[in-house]
Amino acid sequence: MATHLSHEEFFSSLSSLLSGVSNKSQGSVYLTQKQLPASAAASSPILQEQEQGQSSPESQPVPSILIRATDGRTGNPNPKNSKSKKNAPKSKIKISTVVASTQLETFYTRYVEVCKTGMTGMKKRDRSAKKKGKAKAKGPTKVTKA
């Protein structure tokens with residue numbers, strides 16, 4: 001199981017990942033979030049550090065969130081280019097951190113700032129040509145009598 005980064009390490013890695021992809025002409029970054037089960041959250045060293053300063057009077061564990069960021073690489077070699085060593089695939093970049101629910105607001109304010117600054121160079125994917133081609137192919141055909 002991979003270790004989770006601290007918040008500062010996560011933000012610095014995320015900003016470098018986003019700037020690297022935005023400098024290229026193509027690429028993807030996937031940002032995912034999910035609730036972490038209480039059993040997994042108890043074993044996370046990041047959460048243990050965060051909760052040492054805060055003692056909660058409730059006996060129930062507070063739910064935490066797992067935040068992940070990955071680049072668009074699959075890590076699988078392309079069969080067309082497998083013979084050439086020039087185009088060998090780079091390893092997939094995966095970063096993650098765990099956020100306690102008590103720190104969500106402060107984490108998300110910084111998360112939004114990092115994402116906005118990293119996505120300034122990116123452009124939205126152009127899908128208009130693809131849609132026009134499909135619409136023409138699916139559209140009704142005219143039949144003329146000769």
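The values are calculated or read from the model by the stated rules, or taken from the named source; none is laboratory data. Bear in mind the structure is a predicted one, so any value in this text is a computation, not a measurement. As a convention, Cβ positions derive from the backbone with ideal geometry for all residues, glycine included, and neighbour counts pool all protein chains shown. When the accessible area is computed, the model is the full protein with side chains, heavy atoms only, and any ligands, DNA or RNA have been set aside. Shrake-Rupley method; radii C 1.70, N 1.55, O 1.52, S 1.80 Å.
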Q | Of all residues making up region 90-120, the number that are open to solvent by 70 Å² or more (accessible area, probe 1.4 Å) and hydroxyl-bearing (Ser, Thr, Tyr) | A | 6
Q. Within region 13-32, which residues are more than 16 Å from Thr120 (Cβ to Cβ) and surrounded by 14 or more Cβ atoms within 10 Å (Cβ to Cβ)?
A. Ser13
